[in-house]
Each structure stands twice: as structure tokens, then as C-alpha cells.
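Accompanying notes for the structure given below.
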Amino acid sequence: MRRLCASLAPIVAMVWFMAFFVAAHAEDAEHKYIGVQKCGMCHKSEKKGNQLGQWEASKHAKAFEALASEAALKIAKEKGLKVPPQQADACLKCHVTGHGAKAELFEASFKPEQGVQCETCHGPGGDYKSLKVMKDRATAVAAGLVIPDAKTCAACHNEESPTFKGFDFDKAWAQIAHPNPTKQ
């Protein structure tokens with residue numbers, strides 16, 4: 001029995017080390033983007049707050065489309081952009097969810113032309129999308145769910161934007177809040 005325990009000790013130690021290493025580097029995981037339509041499958045009922053409908057009616061949903069407007073074309077010309085705004089990294093980084101991420105991090109369901117989607121603010125949903133995970137906030141956060149705050153918004157709503165006129169997080173949050181009434 002002692003010989004068995006002695007021979008298993010290195011294996012047990014290795015397993016513990018690997019578990020510790022994986023847990024310590026969980027934040028380094030690259031979660032996949034799934035797209036607003038997959039998010040919307042569970043976030044569209046009126047009973048739960050119809051977050052999908054609220055997003056569809058927002059400027060965020062039309063962020064990519066806005067880059068084709070006359071105003072955007074004028075700004076691009078003034079800024080000396082060599083490509084149209086819908087092709088310019090300087091514009092797309094804030095008008096398209098996940099712009100610049102590796103191609104393998106996008107599921108086939110993801111459509112960049114849908115603008116600033118759920119995952120811009122809440123993080124790529126590939127690992128927290130299941131109902132089982134979403135039922136427990138701590139588990140969802142551990143799987144990549146981001147609880148947005150002023151810093152999240154300021155990644156785009158800042159002086160680098162050519163249309164920036166200041167940003168009041170509390171006022172903006174009140175305009176886009178989309179709570180689930182069943183969880184209040």
C-alpha cells in the first residue's frame with residue numbers, strides 16, 4: 001500500500017499543479033464571440049426585460065451602419081483616412097464588436113456588421129452563454145462575462161473619438177440600462 005501511495009504521489013502533485021496553473025491563468029483564456037442573435041435567444045422575452053429589443057432600438061445596434069453616413073464620410077475625409085469609415089481600423093475598433101481579435105475567436109453566427117453588440121460590453125459569450133452558467137453570476141463571470149462599468153464605456157466614449165463631446169456615465173447608463181426584472 002505504501003509503495004502504491006509513493007508511486008501515485010508524483011501524479012497527484014502534477015494534477016494539483018495543473019489545476020492550480022489552469023485556475024491561475026483562467027483570465028488569460030480567449031473566449032469566442034457568438035454574436036447578438038445567439039445572446040438574443042435568451043434575452044428577448046418581455047418577461048425578462050427584452051434586452052434584445054432594447055439593443056435593436058439603440059445607437060449601438062446601428063454603429064456600423066452609421067459609418068456609411070454622410071457625416072462619417074465627412075469626418076473620415078477631414079481625418080485624412082485613406083479608406084471608407086466602414087473599412088478603417090480607427091473607426092471599426094469602436095463601431096464593431098471584437099474588431100482586431102483573431103479570426104478563430106468568432107463563431108460562424110457572429111456578424112460584425114451588427115455593430116456594437118452585447119459582447120462589446122459583456123465580453124465574448126462563448127463560455128458563459130449556456131443557461132446553466134448564466135444562472136450563477138459568479139460562474140458566468142469566471143467564464144468571461146464582464147459586468148460593464150464606466151471604464152468599459154470609456155474604451156470608446158473618449159477624446160479619441162472625433163464626435164466626443166464629453167461622457168457622463170450615469171446619464172448614459174440610464175439610457176441603455178437593460179435589467180432583467182426577474183432578477184431584481
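Here are a few things to note about the model shown:
- Selection of chymotrypsin sites (Phe, Trp or Tyr not before Pro), region 99-184, meeting DSSP coil and at most 11 other Cβ within 10 Å: PHE164
- Amide H contacts of GLY123 (H built 1.01 Å from N, under 5 Å, at least 5 apart or other chain): VAL146
- The HN-Hα couplings worked out from phi for region 162-179 by the Karplus form 6.51 cos²θ - 1.76 cosθ + 1.60 (θ = phi - 60°) are x, 10, 5, 10, x, 9, 10, 4, 4, 5, 5, 4, 4, 6, 10, 3, 9, x Hz, whole numbers, x standing for Gly and Pro.
- The order of THR163, THR97, going from fewest to most other C-beta atoms within 10 Å of their C-beta, is THR163, THR97.
- Given LYS47/LYS129; LYS48/LYS74; LYS93/LYS165; LYS32/LYS151; LYS48/LYS102, the pairs whose alpha carbons are separated by over 30 Å: LYS48/LYS74; LYS48/LYS102
- Between region 132-171 and region 42-86, the alpha-carbon center distance in angstrom: 17
- Overall form of region 42-116 per C-alpha gyration tensor (a/c, 1.5; a/b vs b/c): oblate
- Tensor-based shape of region 31-184 (alpha-carbon gyration tensor, a/c under 1.5 rounded, otherwise prolate or oblate): prolate
- A cut-off of 5 Å between modelled amide H atoms, ignoring neighbours fewer than 5 places along the same chain, links PHE106 with TYR33.
- Least to most buried among MET41, MET134 (fewest other Cβ within 10 Å first): MET41, MET134
- For region 35-51, backbone phi angles converted through the Karplus equation (6.51, -1.76, 1.60; θ = phi - 60°) give residue-by-residue couplings of x, 4, 5, 5, 4, x, 4, 9, 10, 10, 6, 4, 4, 9, x, 6, 4 Hz, Gly and Pro being listed as x.
- Table column - 3J(HN,Hα) (Hz), region 56-62, Karplus curve with 6.51, -1.76, 1.60, x for Gly and Pro: 4, 8, 8, 5, 4, 5, 10
- Around CYS39: net Lys/Arg minus Asp/Glu count, Cβ-Cβ under 14 Å: +2
Since every read-out is calculated from the coordinates, none of them should be taken as a lab result. All values derive from a computational prediction rather than experimental measurement. Methodologically, a virtual Cβ is constructed for each residue, glycine included, from the backbone with ideal geometry; neighbour enumeration extends over all protein chains shown.
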